[in-house]
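Below is a structure I'd like to ask you about.
The values are calculated or read from the model by the stated rules, or taken from the named source; none is laboratory data. The shown structure was predicted, so the numbers you read here are calculated from the model rather than taken from an experiment. All Cβ positions, glycine included, derive from the backbone under ideal geometry; neighbour counts span all protein chains shown.
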Amino acid sequence: MTEDVYGGTFRFVTEVLPRFGIEHSFVNLSNLDAVEQAIQSNTKLIYIETPSNPRVGITDIVGIVDIAKANNCLTFLDNTFMTPLYQRPLELGVDVVLHSATKFLSGHSDIIAGLAVTKDELLGSKLGFLQNSFGAILGAQDSYTLIRGIKTTSVRFEKSTETAISLVNYLVNHPLVEEVFYPGLPSHPGHEIHKKQAASSGAIFSFRLPGKAATKIFVENLRIPVFAVSLGGVESILSYPTTMSHAAMPKEEREKRGITDGLLRFSVGLEHVDDLLADFEQSLEIVTTHYKESRSLI
Ligand SMILES: Cc1ncc(COP(=O)(O)O)c(C=O)c1O
């Protein structure tokens, strides 16, 4: 399993699956040699998330599929950050694609829904049987809301991506920002691979401020985005992985993955780009003023 994984998936794999005797190991999936070395005689599945959460790391999908096939393993891929419009893992040989439809697919932060998609009939019927047994079905109102949301996914996603690129370019040049993680940046280590396998650089990026105090001041002074755990809505959503999406991960595991106290994740909504830029600017200005007044704050 990719080590840079959504916190809820981490919790499921580390706390629930072991009760059924299902073991896991976390591997940096950007490193194909490490993946090959991690395969064991009982390995049944390689679990991919690309771009991943929260540092938008990129995995070479075809590279992993080749390793999986050579070792008789299945591949599952969480495609939430890209949607089926911009990344089509089934066409690249992945066996099961997972989406949180709570995010870009529905797009309005008003339902919780998800999909597991396969083109293999046998796997499909096994999934259907499990779904029936667990009762994981969507109610009529949520189904309607999702179908309506899906109709505008491409226009929402394209607009949000355009705005994300402007915000990323702004942050990359800001002296207080230590690092920006976005696959659309040519300096991102997965940039070329992502371009090969996906049609958009996406509407999510993360960035690192100098520390907890600076991050707190920044978050408190930002006016437009919602400060919440989710992503992929029409409203911009700022989240703090340390206490939100990755709260289930122990501190040392988080830090190993670069999820430090200064890391923020931003999901770009449909607000006007100038308003978002101005909001970032005013809030970073306040942090800079604090920084000048008291170095200990950072
Ligand atoms: C990449 C990814 N996968 C899965 C999920 C879980 O989605 P849901 O909230 O729809 O269960 C999330 C939620 O944050 C996510 O970011």
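Test Leu238 against the stated conditions and say whether it is in a loop (DSSP other than H, G, I, E, B), at pLDDT 95 or above, touching a Lys or Arg at 6+ places or on another chain (Cβ under 8 Å) and crowded, with 17+ Cβ neighbours inside 10 Å.
no
Of all residues being of a type in the set (Asp, Glu) and under 25 Å from Phe26 (Cα atoms) in region 254-298, which is surrounded by the most Cβ atoms within 10 Å (Cβ to Cβ)? Just the residue, please.
Asp261
Of the residues in region 37-74, how many are polar (S, T, N, Q) and either crowded, with 24+ Cβ neighbours inside 10 Å or within 16 Å of the ligand (Cβ to nearest atom) (or both)? First the steps, then the outcome.
At the first step, the residues of region 37-74 found to be polar (S, T, N, Q) are 37, 40-43, 50, 52-53, 59, 71-72.
The next check asks that each one be either crowded, with 24+ Cβ neighbours inside 10 Å or within 16 Å of the ligand (Cβ to nearest atom) (or both); those that pass are 50, 52-53, 59.
Total meeting the criteria: 4.
Could you count how many residues in region 83-108 are aliphatic (A, V, I, L, M) and within 12 Å of the ligand (Cβ to nearest atom)? Before you say what the answer is, go through the steps one by one.
Looking only at region 83-108, we keep the residues that are aliphatic (A, V, I, L, M), and these are 85, 90, 92, 94, 96-98, 101, 105.
Still in the running and within 12 Å of the ligand (Cβ to nearest atom): 97-98, 101, 105.
Qualifying residue count for the region: 4.
Restricting attention to region 241-253, and to residues there that are surrounded by fewer than 23 Cβ atoms within 10 Å (Cβ to Cβ) and in contact with a strand residue (DSSP E or B) (Cβ under 9 Å, 6 or more places away or on another chain), which single residue is modelled with the lowest pLDDT?
Ser245
Quick one: Ser200 ticks every box in (1) farther than 23 Å from Leu90 by Cβ; (2) among the hydroxyl-bearing types (Ser, Thr, Tyr); (3) in contact (Cβ under 8 Å) with a residue 24 or more places away in the chain bar one, so which box is it?
If we test Ser200 against (1) farther than 23 Å from Leu90 by Cβ; (2) among the hydroxyl-bearing types (Ser, Thr, Tyr); (3) in contact (Cβ under 8 Å) with a residue 24 or more places away in the chain, just (1) comes out false.
Take Thr80 and tell me if it is touching a residue at least 24 places away in the same chain (Cβ under 8 Å), within 14 Å of the ligand (Cβ to nearest atom) and touching a Lys or Arg at 6+ places or on another chain (Cβ under 8 Å).
Spelling it out, Thr80 is indeed touching a residue at least 24 places away in the same chain (Cβ under 8 Å), within 14 Å of the ligand (Cβ to nearest atom) and touching a Lys or Arg at 6+ places or on another chain (Cβ under 8 Å).
Additional query: Evaluate the following for Leu92: is it surrounded by 15 or more Cβ atoms within 10 Å (Cβ to Cβ), in the same structural domain as Ser143 (by TED's automatic domain parsing) and closer than 30 Å to Phe227 by Cβ?
Considered against the rule, which asks whether it is surrounded by 15 or more Cβ atoms within 10 Å (Cβ to Cβ), in the same structural domain as Ser143 (by TED's automatic domain parsing) and closer than 30 Å to Phe227 by Cβ, Leu92 comes out as no.
Among the residues that make up region 116-125, is at least one of them touching a residue at least 60 places away in the same chain (Cβ under 8 Å) and more than 12 Å from the ligand (Cβ to nearest atom)? Reasoning before the result, please.
Going through region 116-125, the residues touching a residue at least 60 places away in the same chain (Cβ under 8 Å) turn out to be none.
Checking region 116-125: not a single residue is touching a residue at least 60 places away in the same chain (Cβ under 8 Å) and more than 12 Å from the ligand (Cβ to nearest atom).
Output the qualifying pairs, or none if there are none: Cβ atoms under 7 angstrom, residues six or more apart or on different chains, first residue in region 268-281 and under 13 Å from Arg223 (Cα atoms), second residue part of a helix (DSSP H, G or I).
Close Cβ pairs satisfying both conditions: Leu276/Thr163; Leu276/Leu167; Leu277/Ser166; Leu277/Leu167; Leu277/Tyr170; Phe280/Leu167; Phe280/Tyr170.
Here's another thing I want to ask about it. Restricting attention to region 1-23, which residues are surrounded by fewer than 16 Cβ atoms within 10 Å (Cβ to Cβ) and outside any helix (DSSP H, G or I)? Show your work before the answer.
Taking region 1-23 first, the residues surrounded by fewer than 16 Cβ atoms within 10 Å (Cβ to Cβ) are 8, 11-12, 15-23.
Listed by number, the residues that qualify are Gly21, Ile22, Glu23.
For a quick check of your reading of the model, give me the residue pairs whose first member lies in region 92-111 and is closer than 19 Å to Ile48 by Cβ, whose second is in a loop (DSSP other than H, G, I, E, B) and among the aromatic types (Phe, Trp, Tyr), with beta-carbon atoms closer than 9 Å and at least 6 apart or on different chains.
Matching pairs, first to second residue: Ser100/Tyr6; Lys103/Phe81; Phe104/Phe81.
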